[in-house]
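The structure under discussion appears below in the form of structure tokens.
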Amino acid sequence: MNNIIIKNIVRFLLLVVIQVFLLNKMNLFGYITPFIYMLFIILLPLRTNKLLILFLAFLTGFTIDFFGDTPGLHSSATVLIAFLRPGLLKAFFGNIEFNLDEEPNIIKLGFFGFFRYALVMVIVHHFSLFFLEVLNLSKMVLILKNTLFNSLASLFLIYIYIFLFTRNKS
């Protein structure tokens, strides 16, 4: 097996375990539950087949849905960000050359470049997740509040994960 495949399998398992057994049990201030499992989709190598990314997004979301008893919410939100990922990367970083198995990480994109990319992905994921959960436009303030605060908590933990598990190869 390829080293990239093993690395991503380990990342998938680690992020799902952290999400299911630690973060899903959190409920800060009554409504903040950080979600970092989507980092698996955010960090997939850039030249990964688009259909494979969509399948992996569904699998990731389905796993979180299965353990969290949230039928289809995480699957839908994760597939949405996987669908938007190629266009977002091209819009933000169209001028950067990427090798075959290179991932869009903080080393390649820089701190603020990665932050911008991760911020949009996390906000889109969280907004779609909370919108699908409520499915009521009259509760838009609640949806936006949950999106904002959960996105901030998620980004904070994503950066902690990145700093713990990313090595600078330069």
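At-a-glance table
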| item | result |
| --- | --- |
| Radius 15 Å from Cβ of GLY72, net charge of other residues (Lys, Arg +1; Asp, Glu -1) | -3 |
| Inter-part distance where region 126-157 and region 1-54 are each reduced to a Cα centre, Å | 19 |
| Helix 3-21 vs. the chain, principal-axis angle (Cα, 0 to 90°, nearest 10) | 20 |
| Residues with amide H under 5 Å from that of ILE32, placed H, sequence gap 5 or more | none |
| Relative contact order [Cα under 8 Å, 6+ residues apart], region 6-157, whole percent | 26 |
| Ellipticity estimate at 222 nm from DSSP helix runs (n ≥ 4, -39,500 (n - 2.57)) divided over the chain, nearest 500 | -23000 deg cm²/dmol |
| Gain upon complete extension [LEU51, VAL141; 0.36 nm per residue less C-alpha separation] | 28.9 nm |
| Per-pair calculated FRET efficiency, R0 = 25 Å: ASN27 and ALA91 via Cβ, rounded to 0.05 | 0.10 |
| Given charges at beta-carbon only (K, R positive; D, E negative), |dipole| of the chain in Debye | 280 |
| Where only alpha carbons of the chain are counted, the Rg and the Dmax (Å) | 15.5, 51 |
| Whole-Hz ³J(HN,Hα) from phi, Karplus 6.51 cos²θ - 1.76 cosθ + 1.60, for region 81-96, glycine and proline x | 5, 5, 5, 7, 3, x, x, 5, 4, 5, 5, 7, 10, x, 8, 8 |
| Dipole of region 26-106, positive direction: furthest Cα of PHE40, LEU84, HIS74, with charges on the beta-carbon | LEU84 |
| Out-of-range pairs (alpha-carbon distance over 28 Å; input LYS7/LYS108; LYS108/LYS139; LYS7/LYS145; LYS25/LYS145; LYS7/LYS50; LYS50/LYS145) | LYS108/LYS139; LYS7/LYS145; LYS50/LYS145 |
| Helix axis angle, 140-165 relative to the chain longest principal axis, alpha carbon, degrees | 30 |
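Where a number appears in this text, it was derived from the coordinates with a stated rule and is not lab data. Predicted model, so just to flag it, every value in this text is computed and none were measured. Here the Cβ is made from the backbone with ideal geometry for all residues, glycine too, and neighbour counts use every protein chain on show.
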